[in-house]
1. Does the range 284-325 hold any residues that are of a type in the set (A, V, I, L, M, F, W, C) and part of a strand (DSSP E or B), and which are they?
2. What tally of residues in the range 237-256 results from selecting those that are surrounded by 20 or more Cβ atoms within 10 Å (Cβ to Cβ) and touching a Ser or Thr at 6+ places or on another chain (Cβ under 9 Å)?
3. Return the pair list, or none, for Cβ contacts closer than 7 Å from residues in the range 33-61 that are under 16 Å from residue 180 (Cβ atoms) to residues that are among the polar types (S, T, N, Q) and in a helix (DSSP H, G or I), at least 6 apart or on different chains.
4. Tell me, yes or no, whether the range 275-291 has at least one residue that is crowded, with 19+ Cβ neighbours inside 10 Å, assigned by TED's automatic domain parsing to the domain that holds residue 25 and among the hydrophobic types (A, V, I, L, M, F, W, C).
5. Just checking, does the range 61-68 include any residue being buried (at least 16 other Cβ atoms within 10 Å of the Cβ), under 22 Å from residue 207 (Cα atoms) and assigned by TED's automatic domain parsing to the domain that holds residue 213?
6. Kindly list the number of the only condition in (1) touching a helix residue (DSSP H, G or I) at 6+ places or on another chain (Cβ under 7 Å); (2) touching a residue at least 40 places away in the same chain (Cβ under 8 Å); (3) not hydroxyl-bearing (Ser, Thr, Tyr) that fails for residue 172.
7. Go through (1) over 30 Å from residue 122 (Cα atoms); (2) over 33 Å from the mean Cα position of the chain (by Cα); (3) not polar (S, T, N, Q) for residue 220 and report which single condition fails.
8. Being small (Gly, Ala, Ser), assigned to a helix (DSSP H, G or I) and in contact (Cβ under 8 Å) with a residue 12 or more places away in the chain is the filter here, so list the residues in the range 224-268 that pass it.
Amino acid sequence: MTAAYILGINMVIAGIFAIAFGVVATMNRNASGARWLSAGYATGIFTVLLEFAIPWQANALPVAVAIFLVYLLTLTFCVIGVARHYAVTSHAKYLGAIWLVSLLALPVTFTLPYGTLERGFLYQLPYFAMQVLGCFVIVRSGRREPLDLLLIALSLLAAFAYLSKPMIGWAVGMASASQGYMASTYAAISQMLGAITLVSLALVLLLVMMRDATAEMVARSETDVLSGILNRRGFDAHAEKALAAAREQAESVTLVAADIDHFKTVNDTYGHAIGDAVIARFAQLLKTAAGEGAVVGRLGGEEFAVLLAGSNLAEGRRFAESVRERFCAAPLAELGIDRTITASFGVAQLTLADNLFDLARRADSALYRAKRSGRNQVSLALGELTPKPPSPRTALA
């Protein structure tokens, strides 16, 4: 299989992936990384076209330099795309350093005799550095899912593939000048390595983007738009997982049910926009006080729930009292509210016989007692309670 044939395949593959990443960027406006990757693979097509032009050059040096720089630009776009996707911003100075060293080394690189190990290593070293920088970006992001680890591994393999090329050229023999590159065995091997890395990295990157897009869609479907915390669907799903994990580790769990007192009056007096602001304020207070690891959700209207893994009934009560006091004391004048707004809480601890429904029912019963007893207080579920009457919150709102 000749190098020219493989180069043609590489050009088609680069075009396909440029279109694929472009489609991803078009379908998801937040996928800025895909746009850069599309630009990178599209730029790679020009590298192939320049490779085809070399045999026809009397002086191949200008085209050879152009190939080197265009391919370095291709890798640069790809590194930026990976960094954008993984939200890593500390790569720019390293990109600048690679480009500066590469440009300063150009006279030395292209003055050395064609086909020598020294020239080969100097030529491939910037590509190696770019690929290693891509690995660094992924590692810096902190992502350690299987696809991320696979992408790191493939990037490292691609990096060392660049460094192996001078040795391969030395072993199989290279042409005496750039114009003879396309007819050499080394060119066929080099382009085959390029095709393998081109396809494998692009496929894994697409899988990473599909995975993250799917995760983003799931997160959106589980998030309450107004409050920014989980909606009922999201809360149930995450709470079930938290309960299962707590049972495996023999941890205690408490559920805090919360309800903003007289919320209908707030809406009627100040308008729904102000009521929405109060809900958002209360939700953020719950989320901040609960901290990492807690499952915080808005179940509907002014009703909220917080699942606290690793906490007992006393700790759940302290959490609820803290939130109650802070919410009651929160200044609301900037919202145009000239009175105090309070909330009521019910706290229940998980028992061996409980599922999420049972735990929620007991926390709701405790909340109902808090509202029935005057509101702005915390009530505990100390044992099995009789089922609450139908729609008690509607009656007491």
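1. Correct list: 295, 296, 299, 304, 305, 306, 307, 308, 309.
2. 2
3. From the range 33-61, the pairs are 54/178; 54/179; 55/179; 57/179; 60/178; 60/179.
4. The answer is no, given that none of the residues of the range 275-291 is crowded, with 19+ Cβ neighbours inside 10 Å, assigned by TED's automatic domain parsing to the domain that holds residue 25 and among the hydrophobic types (A, V, I, L, M, F, W, C).
5. no
6. Result: residue 172 passes all but (2).
7. The one condition residue 220 does not meet is (2).
8. 234, 237, 239, 242, 245, 246
The values are calculated or read from the model by the stated rules, or taken from the named source; none is laboratory data. Given the structure is predicted, the values throughout are model-derived calculations rather than measurements. In this analysis, Cβ positions are derived from the backbone assuming ideal geometry, glycine residues included, and neighbour counts consider all displayed protein chains.
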